[in-house]
1. Just wondering, is there one or more residues in the stretch 1-22 that are at pLDDT below 95, surrounded by fewer than 10 Cβ atoms within 10 Å (Cβ to Cβ) and outside any helix (DSSP H, G or I)?
2. Give the residue that is modelled with the highest pLDDT, with candidates limited to residues of the stretch 26-79 that are surrounded by fewer than 10 Cβ atoms within 10 Å (Cβ to Cβ), assigned to a loop (DSSP other than H, G, I, E, B) and within 22 Å of the chain's Cα centre (by Cα).
């Protein structure tokens, strides 16, 4: 269940509460006169870019055999 806080208290502690939402990844509900009016939710984690992913894989593979010379098998696509 999300944490609930009154708008006045949120106003006084806004920056601290935003940091807490980001750290805990939990939703915060802001109320006015006891009624919920706003949800503060954490931003989705950014997805790793392809360049970052490939960089993280650097050095993790191993080449076995000759990958440069042509093979002796004829493909249908070559006809």
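The values are calculated or read from the model by the stated rules, or taken from the named source; none is laboratory data. This one's a predicted model, so the numbers in the text were calculated from it and none came from an experiment. Here Cβ is always computed from backbone atoms with ideal geometry, including for glycine, and neighbour counts include all displayed protein chains.
1. Yes, the conditions are met somewhere in the stretch 1-22.
2. Among those that are surrounded by fewer than 10 Cβ atoms within 10 Å (Cβ to Cβ), assigned to a loop (DSSP other than H, G, I, E, B) and within 22 Å of the chain's Cα centre (by Cα), it is 43.
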